[in-house]
Structure formats: C-alpha cells, structure tokens
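Worksheet for the structure shown next.
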Amino acid sequence: MTPRQSNRRLVPAYLATGGRARPSRNTLDRLSLLHSAGMPITSEVRPEERRILELLQPGALSLAEVAAHLHLPVSVVKVLVADLVDAGRLHARVPIPEAEQFDRQILERVLDGLRSLKS
C-alpha cells in the first residue's frame, strides 16, 4: 500500500454530513474563526463533530484549518460546523472585512506625527 492510499478515507466525505451538501447557515466562510463553547462532549455527538470539538479544545482555529486537520473538504466541514453552532456547542466569528481592518503603517505614521507635535 502506498502512502497516498493509506491517507484515503474509507467512507466518502459526504456521508459525514448525512448526505447534506449545504450548511444550515450561510454566514460561515473558510476564514471564520471557530472556538468551542465549552460544553462537555456527549455520546450524542457524531464522530466527525467530536473530532472538530477535540481540535478546538486548546484554542480557536479557522474553518479552513479545521478542514485541513481533518482531511475533509471545506464544504463538508461547513455543514458540520453549522450543525455544531446550531446546537450551541461551537461559536463562529465571521472574518473581519479587509476594509474594516486597520493599516498598521498608517497608525504608526499618525502616532509619529502626534509625537512630533508634542515636542
């Protein structure tokens, strides 16, 4: 068996979602930041969802990072994450739009200008 064959999933990825292709919410992005709600992991949590919750125990990860760790397509992880958010087991924060992010260089120039006025 080659290394490539050993990494193949025995079960198709779409079965992890129960055959669903669309998440229950369309607010999730591959850059959405996920973190656990701190609820205990019970037996009612499916194995794929359990793996997501275990990954997020140490801290937050983006949806794309979770997909990479699980070797699942982002679209499949979106469905699983939406289910966990709906159940209150996970929190998801949308990425900050680029237009709303601060440009560090501009802020540093403004700060330098204010300091020069003070002198």
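Bear in mind that the values in this text are calculations on the coordinates, not laboratory data. Since this is a predicted model, take the numbers as computed values, not measurements.
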From the phi angles alone, apply the Karplus equation (6.51, -1.76, 1.60; θ = phi - 60°) to the range 107-118 and give each ³J(HN,Hα) in whole Hz, x where the residue is Gly or Pro. 5, 5, 5, 5, 4, 4, x, 5, 5, 5, 5, 5
Amide hydrogen neighbours beyond the local backbone of Ser62, cut-off 5 Å, H modeled: Leu34
In whole Hz and in residue order, list the ³J(HN,Hα) couplings for the range 39-46 that follow from phi through the Karplus curve 6.51 cos²θ - 1.76 cosθ + 1.60, θ = phi - 60°; x for Gly and Pro. 6, x, 7, 9, 6, 6, 7, 5
I'd like the Karplus ³J(HN,Hα) series for the range 50-57: coefficients 6.51, -1.76, 1.60, θ = phi - 60°, whole numbers in Hz, and an x wherever there's a Gly or Pro. 4, 4, 5, 5, 5, 4, 8, 4
If you stretched the chain out fully between Ala68 and Glu108, how much longer would it get, using 0.36 nm times the residue separation minus the C-alpha to C-alpha distance? 10.8 nm
